[in-house]
Every structure is written in C-alpha cells, then in structure tokens.
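Let me begin by presenting the structure, written as structure tokens, before commenting on it.
Nothing in this text is a laboratory measurement; each read-out follows from the coordinates by a stated rule. Keep in mind the model is a prediction, meaning the values are calculated, not measured. Cβ: placed from backbone, ideal geometry, glycine included. Neighbour counts: every protein chain shown.
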Amino acid sequence: MLKAHNLGLRTALLTDVIPGQRFNYQKGGITMAISKEKKNEVMHKYARHEGDTGSAEVQIAVLTADINELNEHIRTHKKDFASQRGLMKKIGHRRNLLAYLRENDIQRYRELIKSLGLRR
C-alpha cells in the first residue's frame, strides 16, 4: 500500500485515485470531470479548424460531456450536494453558450444540438 500524503485539508491515499480521473491536490479528492483523453477527443470532433479549443461549439460539447459524467455520478451518490451545485453551474454555463450561439448563428446552433442530442 502506498503512503498517504497529508494535503492540508484531508489525507488522501494514492490508491484511491481511479485511472482516467483527475486528482485535485488542493482539495485532496477526485474531481468529477472527464479525462484529458476524452476531452481532447470531444474537442477534436467539434473543432471548427485545427487547434480550435475555444469556439462555442467546442465549449458546449465539452460541457455536455462533463454534465453527462456528473449526472452518472449523482445517480449513484444522491447526497453529494457539492457535485450537484457544480452540475447546476455547468448547466447554466452551457445554457448561456447555447443562447449566444442561437442568436449569432442559428444554423450552427441547430447542427450542434442535433449532433449532441440536446433537444428532443
């Protein structure tokens, strides 16, 4: 067994880290976010050009992947209220980005929501 590291707020065992998830040293726990590989995959799929990481489509797609991961986490951990708050913040951020995209380019908006499956 690996030694525990005293990180100030809590003591975390290195064996508690699940592969594919990020380890947050400030809080001493695992952040519920998508892995770097999955994030890069999503960014590459929705990029408008090579190296595009900041367009509205990319941001919305990454937030959607994060939201889906958090939804799965909250289904199994119903009393994790901190994660629920983070989920609500991400949903609000995505909603604002979608409103921006809808106002500025309705065609890109329609293509994005269709490919992400956001509206039914």
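Below are the figures for this structure:
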| read-out | value |
| --- | --- |
| Amide H contacts under 5 Å for S35, placed H, 5+ residues apart | none |
| Total formal charge among the other residues, if their Cβ is under 14 angstrom from that of M43, Lys/Arg +1 and Asp/Glu -1 | -1 |
| Residue exposure sequence - L112, L118 - by fewest surrounding Cβ within 10 Å | L118, L112 |
| Extension gain from E103 to R85, taking 0.36 nm per residue of separation minus the Cα-Cα distance | 3.7 nm |
